[in-house]
Amino acid sequence: MNIHVAKRQRNNAHDDVRLAFARDVVEGLSQQPKQLPPKYFYDEAGSHLFEQITLLPEYYPTRTELKILRDRGTDIASIIPQGAALVEFGAGATTKVRLLLQHCAFDAYVPVDISGAFLNGQADALRGDFPNLAVHPVVADFTTPFTLPEAVKDMPKVGFFPGSTIGNFDPDEAIAFLRSAREILGDGATMIVGVDLEKDERVLHAAYNDAAGITAQFNENVLQRINRELGGDFNLSAFTHRAIYSDEHHRIEMHLVSLEAQKAHVCGQTFSFHSGESIHTESSYKYSVERLQALARDAGWTPQATWTDEGKLFSVHALRVS
Ligand code: AVJ
């Protein structure tokens, strides 16, 4: 393919993403209460802020999950078939998957992510470090059905969905995702899922209201992104970050709260805010081990093993197709 065709295809892909962003922003801000999908946090600035969040003293999930994967690597390996293909849904940093690859005898690794450039960089690094591993990246939105590469068709499949990303879904969406993963991975599959646990509200509150204000910046970045990419005119200093725990829904909710009556414009539309009105930007559901297992059963999986840290902050679940 010549350079012009490559460039045109890249621009088209870029335009598609921008169009979907514009549509989701207008749709979300037209609702009552106003909302925005959390997936738009992760542009370059947002991904960098999230990396910083994972290092905060108050933000326990990432380091706790890594500790569980490290400490329980042998246990996890013992329930995984030889020569399997590891399919990661939404492949970000490779830190977690490396822990699995070190402990378990996988023949292939299939990272699935919407960002192709990022995927290929990570894939090359892994090929260098695990020369016997066949790496087959798939560029796809992992929340919609996709086809696995031909090369892994006959291998046993192990799905991997770490980071409590499942917590961003409402429970019915989480069931739909697990059902779809079951369809994609097929009969006999195993699934390893990282899930944040319910705990003392004060611990949750601190994790999403860090003293350094990084989570606030992460939240506000979505408005900056609307201004940058869609030509919006949101006044950043007139919105404030709020994260609250809802006992009723077992979830942390992140909001951007308008500090005054104001209007913002984006994509030719005007959105009015009254003072104190919020945009719901993220839900981060917390599960008990039992509620997560019940949800997995509803989606056609049988809970096989669950590992937690000593402080019962985070859980890693092995599920098997029932
Ligand atoms: C990546 C969705 C698991 O919910 O804890 C971190 C995102 N939001 N701080 C989470 C997030 C605010 C994170 N997940």
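Structural remarks
- Among P33, P81, P61, residue whose mean-square fluctuation peaks in a GNM of the chain (springs only between Cα atoms under 10 Å): P33
- Measure of compaction for region 252-294 (Cα Rg per 2.2 N^0.38 Å): 1.78
- You can think of it this way: the chain between N227 and V203 has 5.3 nm of extra reach, that is 0.36 nm per residue less the Cα-Cα gap.
- Amide H to amide H, with H built 1.01 Å from N, A305 comes under 5 Å of A318, counting only residues 5 or more places away or on other chains.
- Treating r as the C-beta distance of E44 and Q82 and R0 as 41 Å, the FRET efficiency rounds to 0.55.
- Cα-based convex hull, the chain, per residue volume (Å³, whole number): 141 Å³
- Normalising the Debye intensity of region 88-190 to I(0), with uniform scatterers on Cα atoms only, and taking log10 at q = 0.20 Å⁻¹ returns -1.11.
- Counted residue by residue at 0.36 nm each, then reduced by the alpha carbon distance between them, the extension gain from Q52 to D298 reaches 85.0 nm.
- Rg/Rh ratio calculated on Cα atoms of region 203-268 (Kirkwood radius): 1.04
- Whole-Hz ³J(HN,Hα) from phi, Karplus 6.51 cos²θ - 1.76 cosθ + 1.60, for region 257-263, glycine and proline x: 9, 6, 7, 7, 5, 7, 10
- Accessible surface of the chain, 1.4 Å probe: 51 percent of it comes from carbon and sulfur atoms.
- Environment charge at G167 (Cβ cut-off 9 Å; Lys +1, Arg +1, Asp -1, Glu -1): +1
- Modelled FRET efficiency - R0 25 Å, S30 with A176, Cβ distances, 0.05 increments: 0.55
- Protein heavy-atom accessible surface, 1.4 Å probe, per residue over the chain: 47 Å².
- Across the chain, Cα pairs under 8 Å and at least six residues apart give a relative contact order of 20 percent.
- Net charge of neighbours whose Cβ lies under 13 Å from the Cβ of R242, counting Lys and Arg as +1 and Asp and Glu as -1: -4
- Cα-based equivalent ellipsoid, region 166-322: semi-axes from gyration tensor eigenvalues, Å: 36, 19, 12
- q = 0.12 Å⁻¹, region 12-100: log10 I(q)/I(0) [Debye, one scatterer per Cα]: -0.62
- Fraction of alpha-carbon pairs over 15 Å apart in region 232-322 - percent: 70 percent
- Total lysine pairs whose alpha carbons fall under 13 Å of each other in the chain (8 or more apart, or interchain): 5
- Extension gain (nm, one decimal) between V289 and L259, 0.36 nm per residue minus Cα-Cα: 6.9 nm
The values are calculated or read from the model by the stated rules, or taken from the named source; none is laboratory data. These numbers were taken from a predicted model, which means no experiment stands behind them. Positions of Cβ are generated from backbone atoms using ideal geometry, with glycine treated the same way; all protein chains shown enter the neighbour counts. The protein model used for the area step is the full one, side chains on, heavy atoms only, and it has no ligands, DNA or RNA in it. Shrake-Rupley method; radii C 1.70, N 1.55, O 1.52, S 1.80 Å.
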